[in-house]
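This report concerns only the one structure given below.
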Amino acid sequence: MKALMSLGALIGVAGILLLGGMVFDIVPSTTVRLVEGYMPIQMIVEVACYVVGFAGLSYILNAMGMAIPRFWQGIGFWVFFLMYLKFRVYPPIPFSVRAMYGTVALVTVFMWISANEEDWKKFKQPIMNVLDAQTGANRLLRYAYLVLIPILVGGFSFNAMMPKSEEPIELRTVHPAPPASTKVHGKTYVLQTSQNPYRVNPEGKYDQEFSNANIVEQSMGRLMKPNANPWDDKNQGYLKYVREGGEIFFQNCHFCHGDNLNGRGLHAFAFNPIPANFTDPGTIAQLQETFIFWRVSKGGIGLPNEGFPWASVMPPWEQHLTVDEIWKVILFEYWHTGYYPRTWD
Amino acid sequence: MGPLTSKRVFSVVALCMMVGLLLLPVVVALPSLANGEEVSAGDAAKKDGEKVEKGRDVYYKTEGIVVGAPAPVTTDGPKDYPRYNFESRVLLWFANQQHLYYGSFVLAVPIFCMIIEFMGVVTKDKALAKRYDQLAYDFIKISLTAYSLTAILGGILIFTFLTLYPAFFSYLSGIFRPVMHIYALMFVAESGTLYIYYYGWDKMREGFLKWIHLSMSVILNIIGTLLMFLANSWIGFMMSPAGVDEQGRYLGNIWHVIHTALWNPLNLHRILGNMAFGGGVVAAYAAYKFLAAKTDEDRAHYDWMGYIAMALGVAFLIPLPFAGYWLMREVYAYRQQMGITLMGGLLAWLFIIQATMIGILFLSTNYYLWQAMGRMRGAEKYQRYIKYLVFLLASGFIVFITPHTMVMTPAELKAMGGQQHPVLGNYGVMSAKNGGINVIITTTVLSFVWYMRGNKVSTVSWAKFGNIFMGVFFFFAYINIIFLAIYGYYIPANVRVGLSVPQVATTLSCLFFMFALNSFMMKGAKQMGAIEWGKISARSQYALIMLATAFTWMMGLMGYIRSSVRLFWHVNEIMRDNSPWAYTHTVGFAANMISFNVLFFWITILFVFWLGSLAAKKVPVEAKAGIPGSVPQPATSH
């Protein structure tokens, strides 16, 4: 048990040093890389390691007679978590999300330190000592708080009320609800039931399973599957349409959406927000093909009221592409990212 | 025939007659339903020699004879939208919400009474049986005053509809005309049964009559549930209309109008929600009484009452997210844009608030259970592991509340390099969220298991094996839930939706198997000490109050979301809302309005509690016999 806890303590110390280095900019936050595709679970595992590490450290310090008071354990862990979110995770997390996470951490730390009466008493003790002010140091502290807390509150209020020159916060709806149907080149498409006419098997019938078996692999690198290379001239049917969609994409779309479809094209950074990242599981992977068809056809100006503010400069592609070309480019996007379009059956 | 037998026969006959009389109005009304308007309208048309006009059902796609008027095309003016110098929608919102709160409460509490009374009847321990009986009586007493308030609020709601939305209400009542009076008559049946059930409590306290009394609670709850189903059919119709043609003309089949695409998911969701809400309110009542108690005896009684109410409420809270998931699935299946408006579009931020409230509910429950372990000796051994449960809960919670659409300044957006965050973006989708909530629920189950074995040591020969088995079971449950959450990113969406089934199955397996195994292991277990009812921290009682407040707030929120998703429709795609208030409120306004409704409900329910306490002063002294705390209580009573 002791050996296990010592190992935990080592992890805890190493973790604190690493995070400290990141906070003071001695160690770049990319020292331990967040691996693309594994980042979300990596973050949780890292925090879990810290929790185990801190438990080990606390155990060892306790055994050495140098126990950290419960009060500082609670406060310390909460501060650590805030620092972790701010300095470890990249790209930077917006303040609103950090505030949500920070509040959850504060509540759960409270749950931990007050889970039983003994711990709660230990936690409260330093606060009660300052409030009771039985010693000179505590009395001094009490006066200091009496002065500092109003100043801090006043400072926060001033800061909150002070007019700022930065752009206001936007609660933008990334995926506004689509209409029930859309009219493109004179034909009405019902979004709930329409299908991509080029997602077909060798027999020419609509077949998602067939196309799903031929998209790139989702694992590291997004590699093409053997015998599923659309740029092979001999290919017919689905893969041929993917190639044609790819040609349209590189002639029209990649300037903004990027040649890796990750929203980082040549012109991407002229816009804010930058164009949609199709490789993210929160974009096309969440949507029906018909949704994409509607968005591509109608562009930024075709967004409904719900999509306000309409921060999209995508042109209405129905003015430049045929219906077939739009369906093919969508086919290519799903093929290239390795995602399956959403279906409801 | 002896006197006892004749008394029994008389009781059964009396009960049957009572049920028969109460249901008579409903039965009388049924033939007109069975014949339907279809036939009479058809006959009338034939008599007049007119051509019968047929319409196509917008949902069922069947043909039917048009028997109703089209949905009115309203215009903004005093005819269709008469108003006070105030936003009519907000007035209706307030009246509706208050009626719903009380309606939910009075439907849920009799179900609790039925369960608790049944537990009292089947329990062999006489002292415990008496306590259960008294508890059930306390519950129904609270609901009786609330019942009157429900009726009053129902009247206010109807007047609000009639005065502020006459065209819409006239159309809706025209569509539901065949069942409108059944609804009203069932209300009479519900009231009658409730009053007999309450006032007959003492007369029917012993023996066979007790069973008759218990049967009445079953009848009461059947009527109450049917009432709710009927009320649900109206909101189901407004969201996903059926039984009418494209112009909104009734086609003569009332079953189609009632049985809309969302009716059954709404029914299930509301039953579970009402139960969880009712449990929360009663638990808060007990917490309030506990905190105000002057004697140890009272503290012990209300501590126990709070625990039972909390346990019942949470028992229905656990399956609630799964019922909600089914409802959302059906919403998406019915109209994709409705689903996206709810969960990915306009109302998505309200869902994040909802996720936060769900998280608070489970966190409060866990916190209460950990606190409750403090009143039993021997539970200390679990205390040092609580921090790991906290970590699991926090991780699940953080994932569960991560928004898909983040609020940020343009500068933050630029620094992030796009709308999608590579780490947090993955938490914002359903696959991760399903994992998050299942981790939270499984951890809650684990807390319950720890609580149930807190002061006991298993004495069965296979105790060691049992403990290891339980540990391994929970470990692999977590692994399975997290694995499926990750795997969900690599498969098509329609398969991913199906992954929720094994995830839920894993969580429910933990619930049922581990509870059962734990019960077997703890049979004849060595007691480390009695449960010292009343010796629980005040923090635990605040957790119960937090639980109830979160329930109330969440009900208000979800009701608003469900109603708002129709956007500018009174009846989705059939009858347009042309009032000046056909826009969606801002998140801030909605949150303030919900908070106001919650506050108002709690102020009025405090009044109800106060009325209950006035009556309690008249309760004979012997009714309080057996209240825990006066003597050491058996540890098996949780």
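At-a-glance table
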{"read-out": "Residue identified as in the same structural domain as B:Ser500 (by TED's automatic domain parsing) and crowded, with 20+ Cβ neighbours inside 10 Å among B:Gly418, B:Gly359, B:Gly339", "value": "B:Gly418"}
{"read-out": "Candidate set: the range A:115-157, residues that are outside any helix (DSSP H, G or I) and small (Gly, Ala, Ser); chosen: the one nearest to B:Ala379 (Cα to Cα)", "value": "A:Ala115"}
{"read-out": "Selected residue [aromatic (Phe, Trp, Tyr) and in contact with a helix residue (DSSP H, G or I) (Cβ under 6 Å, 6 or more places away or on another chain)] from B:Trp304, B:Trp326", "value": "B:Trp326"}
{"read-out": "Residue match in the range A:226-244 (condition: within 29 Å of B:Met416 (Cβ to Cβ) and surrounded by fewer than 17 Cβ atoms within 10 Å (Cβ to Cβ))", "value": "no"}
{"read-out": "Within the range B:532-568, tally of residues that are touching an Asp or Glu at 6+ places or on another chain (Cβ under 7 Å) and touching a residue at least 60 places away in the same chain (Cβ under 8 Å)", "value": "4"}
{"read-out": "Scan of the range A:157-194 for residues that are away from chain B (no Cβ under 14 Å) and farther than 18 Å from B:Ala411 by Cβ, ordered by number", "value": "A:Ser157, A:Phe158, A:Met161, A:Lys183, A:Val184, A:His185, A:Gly186, A:Lys187, A:Thr188"}
{"read-out": "Residue among A:Val190, A:Val216 that is under 30 Å from the mean Cα position of the chain (by Cα) and either surrounded by fewer than 19 Cβ atoms within 10 Å (Cβ to Cβ) or not assigned by TED's automatic domain parsing to the domain that holds A:Ile292 (or both)", "value": "A:Val216"}
{"read-out": "Unique residue being within 22 Å of B:Thr443 (Cβ to Cβ) and in the same structural domain as B:Val282 (by TED's automatic domain parsing) when the list is B:Ser519, B:Ser540", "value": "B:Ser540"}
{"read-out": "Residue selected from the range A:86-97 under the condition assigned to a helix (DSSP H, G or I) and over 20 Å from A:Ile169 (Cα atoms), by the criterion farthest from the other protein chains (Cβ to nearest Cβ)", "value": "A:Phe87"}
{"read-out": "Residues being touching a helix residue (DSSP H, G or I) at 6+ places or on another chain (Cβ under 8 Å) and under 22 Å from B:Arg384 (Cα atoms) - total across the range A:76-114", "value": "15"}
{"read-out": "Residue check, B:Ser519 under 28 Å from the mean Cα position of the chain (by Cα) and over 30 Å from B:Tyr302 (Cβ atoms)", "value": "no"}
{"read-out": "Scan of the range B:340-374 for residues that are more than 30 Å from B:Ala530 (Cβ to Cβ), facing chain A (nearest Cβ under 9 Å) and assigned to a helix (DSSP H, G or I), ordered by number", "value": "B:Ile340, B:Thr341, B:Leu342, B:Ala348, B:Trp349, B:Ile352, B:Thr356, B:Gly359, B:Ile360"}
{"read-out": "Some residue of the range B:422-431 being more than 7 Å from chain A (Cβ to nearest Cβ), hydroxyl-bearing (Ser, Thr, Tyr), part of a helix (DSSP H, G or I) and crowded, with 23+ Cβ neighbours inside 10 Å", "value": "yes"}
{"read-out": "Members of the range A:17-38 found to be farther than 12 Å from A:Arg88 by Cα and within 12 Å of chain B (Cβ to nearest Cβ), listed by number", "value": "A:Val35, A:Glu36, A:Gly37, A:Tyr38"}
{"read-out": "Pairs, first over 19 Å from B:Leu346 (Cα atoms) in the range A:287-306, second among the polar types (S, T, N, Q), C-beta under 6 Å, six or more apart", "value": "A:Glu289/A:Asn196; A:Thr290/A:Ser194"}
{"read-out": "Residues that are buried (at least 19 other Cβ atoms within 10 Å of the Cβ) and part of a loop (DSSP other than H, G, I, E, B), drawn from the range B:491-524", "value": "B:Met522"}
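Matching residues to (1) polar (S, T, N, Q); (2) more than 12 Å from chain B (Cβ to nearest Cβ); (3) surrounded by fewer than 22 Cβ atoms within 10 Å (Cβ to Cβ):
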{"site": "A:Gly263", "(1), (2), (3)": "no, no, no"}
{"site": "A:Phe269", "(1), (2), (3)": "no, no, yes"}
{"site": "A:Pro281", "(1), (2), (3)": "no, no, no"}
{"site": "A:Ile284", "(1), (2), (3)": "no, no, no"}
{"site": "A:Glu289", "(1), (2), (3)": "no, no, no"}
{"site": "A:Pro304", "(1), (2), (3)": "no, no, yes"}
{"site": "A:Ser312", "(1), (2), (3)": "yes, no, yes"}
{"site": "A:Trp327", "(1), (2), (3)": "no, yes, no"}
{"site": "A:Ile330", "(1), (2), (3)": "no, yes, no"}
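Conditions tested, residue by residue: (1) among the aromatic types (Phe, Trp, Tyr); (2) modelled with pLDDT under 90; (3) closer than 19 Å to A:Leu17 by Cβ.
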| residue | (1), (2), (3) |
| --- | --- |
| A:Ala48 | no, no, yes |
| A:Phe81 | yes, no, yes |
| A:Val89 | no, yes, yes |
| A:Ile93 | no, no, no |
| A:Val107 | no, no, no |
| A:Leu140 | no, no, no |
| A:Leu146 | no, no, no |
| A:Ala160 | no, yes, no |
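Listed here are the residues, each with its yes/no results for (1) surrounded by fewer than 16 Cβ atoms within 10 Å (Cβ to Cβ); (2) assigned to a helix (DSSP H, G or I).
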| site | (1), (2) |
| --- | --- |
| A:Val27 | no, no |
| A:Thr30 | yes, no |
| A:Leu34 | no, no |
| A:Val51 | no, yes |
| A:Phe54 | no, yes |
| A:Leu57 | no, yes |
| A:Leu61 | yes, yes |
| A:Gly65 | yes, no |
| A:Gln73 | no, yes |
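Quick grid of which residues meet (1) more than 19 Å from B:Leu230 (Cβ to Cβ); (2) in a helix (DSSP H, G or I); (3) under 22 Å from the mean Cα position of the chain (by Cα); (4) free of Cβ contacts under 8 Å to residues at least 12 places away in the same chain:
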residue	(1), (2), (3), (4)
B:Pro82	yes, no, no, no
B:His99	no, yes, yes, no
B:Tyr102	no, yes, yes, no
B:Met114	yes, yes, yes, no
B:Tyr137	yes, yes, yes, no
B:Tyr147	no, yes, yes, no
B:Ile158	no, yes, no, yes
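The values are calculated or read from the model by the stated rules, or taken from the named source; none is laboratory data. Note that the coordinates shown come from a computational prediction; the quantities given were computed from them, not determined experimentally. Don't worry about glycine lacking a Cβ; one is built from the backbone with ideal geometry, like all the others, and counts go over all protein chains shown.
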